[in-house]
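Input: a single structure, listed below in structure tokens.
The values are calculated or read from the model by the stated rules, or taken from the named source; none is laboratory data. Please read these numbers as outputs of a predicted model, since none were measured by experiment. Quick reminder, even Gly has a Cβ in these numbers, built from the backbone with ideal geometry, and neighbours come from all protein chains shown. Protein only, heavy atoms only, side chains kept; ligands, DNA and RNA dropped before computing areas. Shrake-Rupley method; radii C 1.70, N 1.55, O 1.52, S 1.80 Å.
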Amino acid sequence: MTFVVGENCIKCKHTDCVEVCPVDCFYEGPNFLVIHPDECIDCALCEPECPVNAIFSEDELPEGQEVFLELNAELAETWPNITEMKDAPADAAEWDGVEGKLQYLER
Ligand code: SF4
Ligand code: SF4
């Protein structure tokens, strides 16, 4: 079992989540974060920290976001590890809740 970063993190990326992860299993791309599924210990600490509710247990992924399970696993292999919080993008609030953000994912 793992936790998964879902669509609403794209272009929001507040990084509050990385501060609480006891095993440092977040990885950072240009406008999105992912969780490494083999490193996540399923502690659930990160889920309530995300200001835009983008983190889910893999068995509670919202309908239509199933693809993010695979995406987190794939991108965690290539992106660098992130353990410290940084500023969110200046326009993060404008992107919160916007539908169909997968098309904006930068790799
Ligand atoms: S706190 Fe939420 S929006 Fe911010 S990087 Fe983590 S998952 Fe993405
Ligand atoms: S559930 Fe726990 S171990 Fe997994 S990513 Fe979140 S904080 Fe890290």
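Tell me, which residue of region 1-48 that is open to solvent by less than 20 Å² (accessible area, probe 1.4 Å) and aromatic (Phe, Trp, Tyr) is nearest to residue 92 (Cα to Cα)?
32
Here's a check for you: in region 16-31, which residue that is near ligand 1 (Cβ under 10 Å from one of its atoms) and in contact with a strand residue (DSSP E or B) (Cβ under 7 Å, 6 or more places away or on another chain) is farthest from residue 65 (Cα to Cα)?
18
Is it true that residue 76 is in contact with a strand residue (DSSP E or B) (Cβ under 6 Å, 6 or more places away or on another chain), of a type in the set (Gly, Ala, Ser) and at pLDDT 95 or above? Let's see the steps before the verdict.
Working: in contact with a strand residue (DSSP E or B) (Cβ under 6 Å, 6 or more places away or on another chain): yes; of a type in the set (Gly, Ala, Ser): yes; at pLDDT 95 or above: yes.
Yes, satisfied.
Residue check: is residue 77 free of Cβ contacts under 8 Å to residues at least 60 places away in the same chain and more than 12 Å from ligand 2 (Cβ to nearest atom)?
On the way: free of Cβ contacts under 8 Å to residues at least 60 places away in the same chain: yes; more than 12 Å from ligand 2 (Cβ to nearest atom): yes.
So residue 77 fits the description; yes.
Consider region 3-56. How many of its residues are β-branched (Val, Ile, Thr), under 12 Å from the mean Cα position of the chain (by Cα) and within 12 Å of ligand 2 (Cβ to nearest atom)?
The first filter runs over region 3-56 and keeps only residues β-branched (Val, Ile, Thr), leaving 4-5, 10, 15, 18, 20, 23, 34-35, 41, 52, 55.
Keeping just the survivors that are under 12 Å from the mean Cα position of the chain (by Cα) gives 4-5, 10, 15, 18, 34-35, 52, 55.
Then keep just the ones that are within 12 Å of ligand 2 (Cβ to nearest atom); that gives 4-5, 18, 34-35, 55.
Result for region 3-56: 6.
What are the residues in region 43-101 that are over 14 Å from residue 27 (Cα atoms) and of a type in the set (Val, Ile, Thr), if any?
Within region 43-101, 52, 67, 98 qualify.
Matching residues to (1) among the aromatic types (Phe, Trp, Tyr); (2) more than 19 Å from residue 3 (Cα to Cα):
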residue	(1), (2)
37	no, no
41	no, no
72	no, no
88	no, yes
104	yes, yes
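Which of (1) more than 9 Å from ligand 2 (Cβ to nearest atom); (2) without any contact (Cβ under 8 Å) to a residue 60 or more places away in the chain; (3) open to solvent by 10 Å² or more (accessible area, probe 1.4 Å) is the odd one out, the single condition residue 85 does not satisfy?
So residue 85 meets the others, but not (2).
Hey, among 59, 91, 42, which residue is on the phi > 0 side of the Ramachandran plot and of a type outside the set (Gly, Ala, Ser)?
Working: 59 fails: on the phi > 0 side of the Ramachandran plot; 91 fails: on the phi > 0 side of the Ramachandran plot.
From the options 59, 91, 42, the qualifying one is 42.
Looking only at region 51-66, decide whether some residue is touching a Leu at 6+ places or on another chain (Cβ under 8 Å) and among the charged types (D, E, K, R). Before you say what the answer is, go through the steps one by one.
Here is the first cut: in region 51-66, the ones touching a Leu at 6+ places or on another chain (Cβ under 8 Å) are 58, 61.
Then keep just the ones that are among the charged types (D, E, K, R); that gives 58.
Checking region 51-66: at least one residue is touching a Leu at 6+ places or on another chain (Cβ under 8 Å) and among the charged types (D, E, K, R).
Quick check on this structure: which one of 47, 94 is among the charged types (D, E, K, R) and touching a Phe, Trp or Tyr at 6+ places or on another chain (Cβ under 8 Å)? Steps first, answer last, please.
Working: 94 fails: touching a Phe, Trp or Tyr at 6+ places or on another chain (Cβ under 8 Å).
Exactly one residue qualifies, and that residue is 47.
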